[in-house]
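The values are calculated or read from the model by the stated rules, or taken from the named source; none is laboratory data. None of these values were measured; they are calculated from a predicted model. Cβ sites come from the backbone with ideal geometry, for glycine too, and all protein chains shown count toward neighbours.
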Amino acid sequence: MIHLSPEARLTIILPNTNRALGEAIKNATPEQLETLKEGKDIKSLLTSVFQDKTTASKSDQTLLDLLKNSSAFKNMGSFSDSLQSLLKEMKSSPDMAPKTAILENFLKNITTLNPQNLKSQISSSGVFMESKFAAALNKIPNLAQNLETLKSLLAKIPTNDAKALQNTISTLLSSPMLPAASTNLQSALQLTEGVKKIAETLQTLISKTDPLYSKEVAALALKLDQQSATAEIKTTLSQIYGTLLSSTAPDTNTLLDSIEKLLKNLNSSSTEEVKTFTRQLDNAISEGDTTKDLTTIKANLSEFANPKELVTEIFLKESMSDDLKSNLLTLREELYQSNDPSAPKLLEQTDKLLTQIDYHQMLSHLSASNSIYLPFAWDQLQEGSLTFKQTNKQKFYCEINLLLKEYGELDLMMGLYDDNQIEIQAHTEKPQLKTLIHENIAELRSLLIKSGLTPRSIRVFEAHEIKTPLNETYNTYEGSDMGFEVKV
C-alpha cells in the first residue's frame with residue numbers, strides 16, 4: 001500500500017506529476033501557453049481539479065482543447081484490456097505473480113453489471129482517489145461546519161428545547177475531542193456518541209416544530225387555494241385558525257387577524273382577498289420554516305456516525321485499499337525498486353494505466369463534470385468512457401461514448417429530471433446497430449420502467465447527423481427523418 005500522508009498537499013495534477021497534463025502541454029502552441037500564464041496561479045487553477053465547479057475559465061478551455069486534441073490520447077484503447085495485459089505479464093513473473101490478486105478485483109465483466117456493482121466500480125476506479133483523500137482531511141471540518149449551521153438554525157426557534165440543544169452543540173464544538181478525533185480513535189468514539197445524541201434530540205425537536213410550519217397547515221393552505229365555494233373556504237379558514245392558536249411564530253398574530261377579518265366578511269369578500277391571504281400564509285411558512293433545513297442537517301450528521309471514518313489514517317487505509325490508482329501507484333514504486341527482468345515492461349504498462357486515469361481526472365475538472373473510463377471488461381468493447389454532469393436545475397446528464405469492435409462508434413446521451421424521467425439520444429456509426437436498437441426498443445423501454453425510470457423519449461440517429469453538446473442535448477429538438485423516435 002502506498003503511503004499517502006495527510007500532510008502531502010496533493011500535487012498530483014501538476015504538469016511534472018500528472019502524466020495526462022504533461023503529455024497535453026507538450027503540444028501546446030506559444031499562444032496557448034501564453035493563455036495558461038494569464039491564470040492568476042496555474043498551480044491553484046489545477047489543484048482545484050477535485051472541487052465542484054460549474055464554470056470554466058479561458059485557461060480551463062485551453063487546457064481542455066489541448067487534452068482532447070493531443071495525439072497521445074486519440075486511441076488509448078480499452079482500460080480493462082490494458083489491465084488484463086498487465087496482469088498477464090505479471091503472472092509470468094515469479095516475483096510479481098503474487099501481487100496480481102488485488103488488481104484482479106478491479107476486473108469485472110459487464111455481464112455482472114448491477115447498480116451496486118456499477119457504484120463500486122466507479123468509486124474504486126482511481127479517478128476519485130484524490131477526492132477520497134480530500135474527504136478524509138475534511139471530515140472533522142465538515143462536521144464542525146454542520147454543527148455551526150445547526151446552531152444558527154436553532155437560534156431562529158424561540159423554545160427552551162432549541163436553546164438547550166444550542167448549548168450542547170457549543171460545548172461539543174469547544175471540546176478538545178473535536179480536533180483530536182482525526183488522530184485518536186477514542187476521541188472519535190466519544191465524538192460520534194455526542195453527535196448521535198444531538199441527532200436524537202434534533203429529531204425530537206423537528207417533531208415539535210411550530211404549528212405554522214406543520215404539514216397540516218401546508219396541506220390546508222394548498223386546499224384553500226383550490227376552493228371556490230364559500231362554505232368550503234369558511235371551513236378551511238376555521239381549521240387553519242384553530243391550528244394557529246397554539247403557534248408562537250412571529251407572523252401568527254397577523255395571520256389570525258387576517259382570518260378573523262375574512263370570516264367576518266366572507267360572504268362579501270372577493271376571491272382575490274382569499275387568494276391574497278393564501279399568498280400571505282404561504283410566504284409566512286416559507287420565510288420562517290426551518291424544518292426542512294433541520295431535516296437536511298440531521299441527514300448530514302449521519303455521515304459522521306462511524307468513528308473509524310473520522311480518524312484520517314484509518315479512513316485512508318481502508319479507502320485506499322479499494323482504490324485502483326492507489327494500488328497502481330504502489331505497484332509502480334515496487335517496480336522501480338525491483339531487479340526483475342520484466343520490471344521495465346511492467347512499469348511501462350503501469351504508467352499507461354495511470355495516464356488513462358490522469359486523463360479522465362483532468363477531463364472531469366476542465367469540463368466541470370465527472371469523466372471515467374468504462375470500468376467493466378467487455379469482449380465487444382474496443383474503447384469506452386462515461387461522463388456525468390449535473391445542472392443547477394437539478395437535471396442530470398450522462399454521456400456514454402463507446403467504440404465497438406463490430407459496430408463502430410455508439411454515442412449515448414441521457415438526461416434525468418423530476419427524479420425518474422429519462423430522455424435518451426443515441427448516435428450510431430453503422431446503420432446495422434441503429435436497426436438492432438430499433439428492434440429491441442420495446443425491451444429497452446420495459447427494462448427502464450422496471451428499474452423505476454420513465455422513458456419520455458428515445459431518439460436514435462446515424463453518426464453523420466448533428467450531435468448536440470451534453471448540456472444542450474435535451475432542448476427542444478426536431479429529429480431528422482434519417483432517425484427514429486419513440487415517445488411515451
Long-range neighbours under 9 Å by Cβ, at least six apart or interchain, first residue buried (at least 17 other Cβ atoms within 10 Å of the Cβ) within segment 130-144, second among the basic types (K, R): E130/K325
Residue in segment 302-320 that is farthest from Q203 (Cα to Cα), counting only those that are buried (at least 18 other Cβ atoms within 10 Å of the Cβ) and of a type outside the set (V, I, T): M320
Some residue of segment 333-342 being without any contact (Cβ under 8 Å) to a residue 12 or more places away in the chain, out of contact with any Phe, Trp or Tyr (no Cβ under 6 Å at 6 or more places or on another chain) and polar (S, T, N, Q): yes
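Considering Q361, Q356, Q394, Q382, which residue is surrounded by fewer than 20 Cβ atoms within 10 Å (Cβ to Cβ) and outside any strand (DSSP E or B)? Quick ask: steps written out before the conclusion?
Details: Q361 fails: surrounded by fewer than 20 Cβ atoms within 10 Å (Cβ to Cβ); Q356 fails: surrounded by fewer than 20 Cβ atoms within 10 Å (Cβ to Cβ); Q382 fails: outside any strand (DSSP E or B).
That would be Q394, the only listed residue that is surrounded by fewer than 20 Cβ atoms within 10 Å (Cβ to Cβ) and outside any strand (DSSP E or B).
Between I441, I372, I437, I400, which is surrounded by fewer than 20 Cβ atoms within 10 Å (Cβ to Cβ), among the hydrophobic types (A, V, I, L, M, F, W, C), modelled with pLDDT of 90 or more and within 23 Å of the chain's Cα centre (by Cα)? Give the steps one after another, and end with the answer.
Working: I441 fails: within 23 Å of the chain's Cα centre (by Cα); I372 fails: surrounded by fewer than 20 Cβ atoms within 10 Å (Cβ to Cβ); I437 fails: within 23 Å of the chain's Cα centre (by Cα).
Exactly one of I441, I372, I437, I400 is surrounded by fewer than 20 Cβ atoms within 10 Å (Cβ to Cβ), among the hydrophobic types (A, V, I, L, M, F, W, C), modelled with pLDDT of 90 or more and within 23 Å of the chain's Cα centre (by Cα), namely I400.
Listed here are the residues, each with its yes/no results for (1) under 26 Å from K156 (Cβ atoms); (2) surrounded by 15 or more Cβ atoms within 10 Å (Cβ to Cβ).
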| position | (1), (2) |
| --- | --- |
| E232 | no, no |
| S246 | yes, no |
| L256 | yes, yes |
| L263 | no, no |
| E272 | no, no |
| R279 | yes, no |
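Considering segment 406-453 alone, what residues qualify as being assigned to a loop (DSSP other than H, G, I, E, B) and out of contact with any Lys or Arg (no Cβ under 6 Å at 6 or more places or on another chain)? Break it down stepwise before answering.
Kept after step one, since they are assigned to a loop (DSSP other than H, G, I, E, B), are these residues of segment 406-453: 406-407, 418-420, 429-430, 440, 451-453.
Selection gives E406, D418, D419, N420, E429, K430, N440, S451, G452, L453.
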Of all residues in segment 451-483 being under 24 Å from the mean Cα position of the chain (by Cα) and at pLDDT 50 or above, the one that is farthest from L433 (Cα to Cα): G452
Output for segment 416-425, where each listed residue is crowded, with 19+ Cβ neighbours inside 10 Å and either on the phi > 0 side of the Ramachandran plot or touching a helix residue (DSSP H, G or I) at 6+ places or on another chain (Cβ under 9 Å) (or both): I422, I424
Among (1) without any contact (Cβ under 8 Å) to a residue 24 or more places away in the chain; (2) over 33 Å from the mean Cα position of the chain (by Cα), the one test that T252 misses: (1)
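Quick check on my filter: what residues within segment 156-209 are among the charged types (D, E, K, R) and in contact (Cβ under 8 Å) with a residue 40 or more places away in the chain? Let's see the steps before the verdict.
If we filter segment 156-209 for residues that are among the charged types (D, E, K, R), which is where we start, we get 156, 161, 163, 193, 196-197, 200, 208.
Result: K156, D161, K196, K208.
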Qualifying positions in segment 202-225 - closer than 25 Å to D161 by Cβ and crowded, with 16+ Cβ neighbours inside 10 Å: L202, L205, T209, D210, P211, L212, Y213, S214, V217, A218
